[in-house]
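S.K.: The following block contains the structure, expressed as structure tokens.
What follows draws every value from the coordinates through simple rules; no lab data is involved. Everything numeric in this text was worked out from a predicted model, so none of it was measured. Counting neighbours? That spans all protein chains shown, and the Cβs are built from the backbone with ideal geometry, glycine included.
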Amino acid sequence: MSARSNASRISPDLPYRQERVDLAAAFRWAVKLDLHEAVANHFSLAVDSAGKRFLINPNQRHFSLVKASELLLVDAADPQVPNQADSPDPTAWGLHGSIHRHCPHARCVMHVHSIYGTVLASLADSTLPPIDVNTATFYNRYVVDENFGGLAFENEGERCAALLSDPGKKVMIMGNHGILVIGDGVADTFNRLYYFERAAKTYIKALQTGQKLRILPPETAEKTARELEDYPEQAQRHFNELKAILDAGRDDYAG
């Protein structure tokens, strides 16, 4: 089913139809890949040029049930959002609201407590060495937050947002917490989330062997990372295929 036919399943009066469809598809795939955690974790997508108005999942809605039409549309610059009847989860507002206020380059933000990413975030040394293609993808392209301060209410969210000021750092390994991935849109961000979890899995399993790691030289790791960044249309093609799988199974995410 095409992107246009997906979007047409939402009422034409609802704003940002295609953006809603894409974000809803990302929620469904987070479940299929076991990246989610109960009714916690959040994805958001900026829909205006300033990056401050954004879509986000409804409060305490399981990822497997999120539909395009029920995504919340909020304004990061509006301090009254937490007081609204349909406000997002307080930690979602604290973290995503802060990032969309201060980091306009973070068009899409995905925060999860995925298994291998969270294991990595729980190690005393949470860096990810380049030991294969997937781990090299993130070479010098992530930041490690070593100052976890509790649940991501507004003060903690503001602190986290300050760590994402460099547009070149698109993954935050949130020490003692989980991971947060940013990108230009849903396809770009979900692709990065997918590969980061795969990279973390490879690294954790390599550590479990107890053997010495074969770490790539810095120049090779950087070259590999740049080549993958420039790989034509890979993220969008990957995400299009994921939506096609949902459509083939008559999934109701686009409703």
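S.K.: Report yes if L193 is aliphatic (A, V, I, L, M), under 10 Å from the mean Cα position of the chain (by Cα) and in a helix (DSSP H, G or I), otherwise no. Before the answer, list the steps.
M.R.: Values: aliphatic (A, V, I, L, M): yes; under 10 Å from the mean Cα position of the chain (by Cα): yes; in a helix (DSSP H, G or I): yes.
Answer is yes for this residue.
Let's see how each residue does on (1) over 22 Å from K223 (Cα atoms); (2) buried (at least 17 other Cβ atoms within 10 Å of the Cβ):
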residue: V143; (1), (2): no, yes
residue: A152; (1), (2): yes, yes
residue: E156; (1), (2): yes, yes
residue: P167; (1), (2): no, no
residue: G178; (1), (2): yes, yes
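S.K.: Filter the stretch 106-120 for residues that are β-branched (V, I, T) and more than 29 Å from S49 (Cα to Cα) and give the result. Steps first, answer last, please.
M.R.: From the stretch 106-120, those β-branched (V, I, T) are 109, 112, 115, 118-119; that's our starting set.
Residues satisfying the conditions are I115, T118, V119.
S.K.: Further, regarding this structure: Could you grab me the full set of residues in the stretch 76-98 that are farther than 15 Å from N57 by Cβ, out of contact with any His (no Cβ under 7 Å at 6 or more places or on another chain) and aliphatic (A, V, I, L, M)?
M.R.: Correct list: A77, A85.
S.K.: In the stretch 151-208, what residues are of a type in the set (S, T, Y) and touching a Ser or Thr at 6+ places or on another chain (Cβ under 8 Å)?
M.R.: Y195, T202, Y203
S.K.: Please enumerate the residues belonging to the stretch 130-145 that are out of contact with any strand residue (DSSP E or B) (no Cβ under 9 Å at 6 or more places or on another chain), within 20 Å of G178 (Cβ to Cβ) and assigned to a loop (DSSP other than H, G, I, E, B).
M.R.: T137 - this is the single residue of the stretch 130-145 that is out of contact with any strand residue (DSSP E or B) (no Cβ under 9 Å at 6 or more places or on another chain), within 20 Å of G178 (Cβ to Cβ) and assigned to a loop (DSSP other than H, G, I, E, B).
S.K.: For the stretch 44-82, which positions are hydroxyl-bearing (S, T, Y) and either in contact with a Gly (Cβ under 7 Å, 6 or more places away or on another chain) or within 22 Å of D184 (Cα to Cα) (or both)? Let's see the steps before the verdict.
M.R.: First, pick out the residues of the stretch 44-82 that are hydroxyl-bearing (S, T, Y): 44, 49, 64, 69.
Result: S44, S49, S69.
S.K.: If you check A187, A199, A162, which single one turns out to be crowded, with 23+ Cβ neighbours inside 10 Å, within 26 Å of V47 (Cα to Cα) and not acidic (D, E)? Before you say what the answer is, go through the steps one by one.
M.R.: Details: A199 fails: within 26 Å of V47 (Cα to Cα); A162 fails: crowded, with 23+ Cβ neighbours inside 10 Å.
That would be A187, the only listed residue that is crowded, with 23+ Cβ neighbours inside 10 Å, within 26 Å of V47 (Cα to Cα) and not acidic (D, E).
S.K.: Can you pull out every residue in the stretch 233-253 that is basic (K, R) and free of Cβ contacts under 8 Å to residues at least 40 places away in the same chain?
M.R.: Looking only at the stretch 233-253, we keep the residues that are basic (K, R), and these are 237, 243, 250.
Selection gives R237, R250.
S.K.: Residues that are touching a Phe, Trp or Tyr at 6+ places or on another chain (Cβ under 6 Å): find the strands (runs of 3 or more DSSP E) completely inside the stretch 19-125 holding 1 or more of those. Break it down stepwise before answering.
M.R.: Working: elements: 42-46, 53-56, 72-75, 108-112.
Because the criterion is at least 1 residues that are touching a Phe, Trp or Tyr at 6+ places or on another chain (Cβ under 6 Å), the strands (runs of 3 or more DSSP E) in the stretch 19-125 that meet it are 42-46, 108-112.
S.K.: Filter the stretch 217-248 for residues that are in a loop (DSSP other than H, G, I, E, B) and either among the aromatic types (F, W, Y) or surrounded by 11 or more Cβ atoms within 10 Å (Cβ to Cβ) (or both) and give the result. If you could, list the steps in order and put the result at the bottom.
M.R.: Of the residues in the stretch 217-248, the ones in a loop (DSSP other than H, G, I, E, B) are 217, 230-233.
Across the stretch 217-248, the qualifying residue is only Y231.
S.K.: Something else now. Inside the stretch 151-172, can you point out the residues that are touching an Asp or Glu at 6+ places or on another chain (Cβ under 7 Å) and either among the β-branched types (V, I, T) or not in a loop (DSSP other than H, G, I, E, B) (or both)? Break it down into steps so the answer makes sense when it comes.
M.R.: Initially, the stretch 151-172 is screened for residues touching an Asp or Glu at 6+ places or on another chain (Cβ under 7 Å), giving 160, 163, 172.
Passing the criteria: C160, M172.
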